[in-house]
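Encoded as structure tokens, the structure appears first; notes follow it.
The values are calculated or read from the model by the stated rules, or taken from the named source; none is laboratory data. Every value quoted in this text rests on a predicted model; they were computed, and no experiment measured them. Here Cβ is always computed from backbone atoms with ideal geometry, including for glycine, and neighbour counts include all displayed protein chains. We work out accessible area using only protein heavy atoms, side chains counted, and drop any ligands, DNA or RNA first. Shrake-Rupley method; radii C 1.70, N 1.55, O 1.52, S 1.80 Å.
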Amino acid sequence: MPTTASAASAFADVTASDGALRRFLHGLPGVDAVGLEARAASLGTRSIKTTAKAYAIDLAISMIDLTTLEGADTPGKVRALAAKAVNPDPTDRTTPTTAAVCVYPDMVATAKAAVAGSGVKVASVATAFPAGRAALPVKLADTADAIAAGADEIDMVIDRGAFLAGHYLKVYEQIAAIKAECGDRARLKVIFETGELSTYDNIRRASWLGMMAGADFIKTSTGKVAVNATPANTLLMLEAVRDFRAQTGVQIGVKPAGGIRNTKEAIKFLVLVNETVGEDWLDNHWFRFGASSLLNDLLMQRQKLATGRYSGPDYVTVD
Amino acid sequence: MSEQQTRLNVFKTYKLYVGGKFPRSESGRVYEVSDSKGKWLANAPLSSRKDARDAVVAARKAFGGWAGATAYNRGQILYRVAEMLEGRRDQFVREVADAEGLSKSKAAVVVDAAIDRWVWYAGWTDKIAQVVGGANPVAGPYFNLSSPEPTGVVTVVAPQDSSFLGLVSVIAPVIATGNTAVVIASEKSPLPALSLGEVLATSDLPGGVVNILSGKAAEMGPHLAAHQDVNAIDLTGATEGDLARELEIAAADNLKRVLRPRSEDFNESPGTDRMTAFLETKTVWHPTGSLGASGSSY
């Protein structure tokens with residue numbers, strides 16, 4: 001598979017100037033909003049039962065970036081979260097681990113120590129999360145700090161202000177700079193905050209902008225605004241990574257985050273993935289859920305399938 | 001258009017009452033409900049195990065607020081339910097007469113008794129603690145207090161024959177003490193129960209405190225009895241075959257409190273048994289403070 005560097009060089013002429021980049025992004029086909037939402041809704045009606053459901057639940061658990069991004073995060077809370085990521089259901093050791101824990105940069109070292117040896121990765125938000133309103137040197141320092149502390153993955157936010165003002169090249173250069181900082185040491189997830197981008201056309205443009213700039217993952221939202229991941233905006237981003245791979249051969253991951261709270265919704269997203277980009281993405285290297293309470297619901301459903309009895313919130317952790 | 005044109009009947013769609021809302025059954029199924037002579041009355045939703053699951057989620061969500069409300073406040077709300085029932089007395093008289101094959105006057109007696117029962121239980125909300133709780137004498141400088149606490153989410157299999165008075169007599173004691181309820185209405189005559197949902201929705205009772213499902217106790221019962229998030233089960237209406245025994249066995253898994261079916265005349269004064277069946281006693285020790293030279297801190 002070609003490296004990301006060659007993808008960047010494939011778009012060298014597009015990203016040569018602000019004007020060229022704008023022409024390219026605005027030249028992307030417009031999104032049929034009604035059609036997109038109808039398609040996402042119709043894929044949400046699939047009935048996934050019994051063994052397929054059991055498979056989907058385990059897959060979804062293994063795709064979770066178990067997240068805590070609060071001002072009140074303490075080392076104790078992060079350690080508790082990490083323990084849950086490593087061993088989600090202590091009563092059933094066949095439960096897969098989650099993909100990663102996602103924390104603020106200052107908690108990376110704590111999280112890294114807590115998941116050591118388990119295969120669970122540590123993702124850190126960076127670049128003045130969640131607003132992204134800081135100068136580039138500050139964002140770079142934030143990123144370097146997280147990587148130095150041991151982060152395996154960096155979740156950066158784009159500068160929505162610059163994007164909405166049409167300064168696409170500025171956004172591009174910032175993503176590229178953060179990508180250069182990550183290098184081979186960390187995978188880069190780029191958060192668009194789709195709830196602030198206003199239109200589906202903007203989400204498509206942001207997706208291409210992020211992918212051209214070297215993102216390893218494109219991610220819907222921070223979880224800090226009213227509208228987070230929806231089936232429609234995730235479908236749109238999945239179409240973007242599908243088209244990007246068709247054009248460049250480079251595969252990019254997708255991470256819907258925020259607002260996915262129960263098993264039924266999570267399985268709908270997995271159906272979207274399977275029907276849009278196929279099995280290549282049905283793996284936690286290429287698809288993630290940014291979530292916290294989702295895991296509890298998945299565990300309760302898993303217990304129901306295993307025992308035949310409905311489970312309850314008394315049998316999972318409070319977090 | 002002719003003046004004499006006969007007016008078309010407006011039939012009522014009976015729906016479930018779950019989480020303060022009136023959904024149809026998730027399964028989309030209904031079954032025919034007929035009166036005591038076999039005449040069709042209405043279609044009632046035939047609830048599935050998933051409706052039962054949703055009802056438990058709603059009941060669990062409502063539990064904290066309802067158990068945490070003051071006893072006085074709960075009493076006011078239960079009294080409000082009685083007020084609302086009084087306003088729809090005629091409707092319930094008609095429904096009870098149809099369901100149980102009673103004359104209008106006999107049905108009216110039953111409905112009045114049911115309304116009075118709400119009032120009776122409304123009065124108990126802030127008195128039950130004095131009856132079953134209290135200060136215990138201990139040999140040390142401590143207060144030792146026992147207080148009754150609600151058990152949690154209670155599944156109620158409502159009586160099959162007494163479709164309204166019996167129903168009220170099993171729901172009111174459960175919620176009076178702060179529990180929340182998932183009720184499986186009488187299979188044969190669920191209409192008074194479904195109408196009761198409409199009354200509860202307009203009585204300041206928080207959504208989810210009472211959830212009413214119509215359908216087969218034999219279908220939903222096993223799932224509710226085995227449900228890990230249900231804390232107690234009242235088997236009063238589980239009279240079909242071996243059902244009560246099966247449900248009791250399933251309920252043992254997470255140590256649910258079980259109220260076994262027994263022969264009961266709902267016309268008689270009920271006593272406090274049904275309330276205490278779903279209460280747990282919490283006992284706390286509290287230091288009285290250091291003792292003074294006189295042997296007392298007061």
Q. Do any helices (runs of 4 or more DSSP H) lying entirely in segment B:196-290 carry at least 1 residues that are more than 14 Å from chain A (Cβ to nearest Cβ) and under 30 Å from residue B:139 (Cα atoms), and which ones are they?
A. B:273-276
**Q.** Criterion (part of a helix (DSSP H, G or I) and open to solvent by less than 10 Å² (accessible area, probe 1.4 Å)) met by exactly one of A:101, A:108, A:138, A:125
**A.** A:108
Q) Restricting the first residue to segment A:291-317 and requiring it to be open to solvent by less than 40 Å² (accessible area, probe 1.4 Å), which pairs with a second residue that is of a type in the set (Gly, Ala, Ser) and in a helix (DSSP H, G or I) meet a Cβ separation below 7 Å and a spacing of at least six or different chains? A) A:294/A:266; A:298/A:60; A:298/A:266
Q | Residues being small (Gly, Ala, Ser) and either surrounded by fewer than 21 Cβ atoms within 10 Å (Cβ to Cβ) or assigned to a loop (DSSP other than H, G, I, E, B) (or both) - total across segment A:267-290 | A | 1
**Q.** Within segment B:158-175, considering residues that are more than 9 Å from the chain's Cα centre (by Cα) and among the hydrophobic types (A, V, I, L, M, F, W, C), the one nearest to residue B:223 (Cα to Cα)
**A.** B:164
Q: Search segment B:153-167 for residues that are in a strand (DSSP E or B) and pair each with any residue that is surrounded by 24 or more Cβ atoms within 10 Å (Cβ to Cβ) and among the aromatic types (Phe, Trp, Tyr) when their beta-carbon atoms are under 8 Å apart and the residues are at least 6 apart or on different chains.
A: B:154/B:278
(Q) With the requirement that a residue be farther than 19 Å from residue A:290 by Cβ and open to solvent by less than 50 Å² (accessible area, probe 1.4 Å), what does segment A:77-98 give you? (A) A:87, A:89, A:92, A:95
Q | Qualifying position, being outside any loop (DSSP other than H, G, I, E, B) and over 19 Å from residue B:121 (Cβ atoms), among B:67, B:82, B:59, B:55 | A | B:55
**Q.** Candidates B:113, B:172 - the one that is more than 30 Å from residue A:314 (Cβ to Cβ), among the small types (Gly, Ala, Ser) and at pLDDT 95 or above
**A.** B:113
Q: Would you point out which residue out of A:60, A:12, A:54, A:82 is under 24 Å from the mean Cα position of the chain (by Cα) and either farther than 30 Å from residue A:124 by Cβ or aromatic (Phe, Trp, Tyr) (or both)?
A: A:54
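Here's the yes/no breakdown for (1) within 19 Å of the chain's Cα centre (by Cα); (2) open to solvent by 60 Å² or more (accessible area, probe 1.4 Å); (3) more than 14 Å from chain A (Cβ to nearest Cβ):
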{"residue": "B:9", "(1), (2), (3)": "no, yes, yes"}
{"residue": "B:12", "(1), (2), (3)": "no, yes, yes"}
{"residue": "B:29", "(1), (2), (3)": "no, yes, yes"}
{"residue": "B:41", "(1), (2), (3)": "no, no, yes"}
{"residue": "B:62", "(1), (2), (3)": "yes, no, no"}
{"residue": "B:69", "(1), (2), (3)": "yes, no, yes"}
{"residue": "B:78", "(1), (2), (3)": "yes, no, yes"}
{"residue": "B:96", "(1), (2), (3)": "yes, no, yes"}
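So for segment B:137-151 (the condition being outside any strand (DSSP E or B), more than 14 Å from every other protein chain (Cβ to nearest Cβ) and in contact (Cβ under 8 Å) with a residue 12 or more places away in the chain), does at least one residue qualify?
Filtering segment B:137-151 down to residues outside any strand (DSSP E or B) leaves B:137-141, B:151.
Retained after the next criterion (residues that are more than 14 Å from every other protein chain (Cβ to nearest Cβ)): B:137-141.
From what is left, the residues that are in contact (Cβ under 8 Å) with a residue 12 or more places away in the chain are B:138, B:141.
Checked segment B:137-151: at least one residue is outside any strand (DSSP E or B), more than 14 Å from every other protein chain (Cβ to nearest Cβ) and in contact (Cβ under 8 Å) with a residue 12 or more places away in the chain.
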**Q.** Residue in segment B:162-185 that is under 15 Å from residue B:17 (Cα atoms), polar (S, T, N, Q) and away from chain A (no Cβ under 14 Å) present
**A.** no
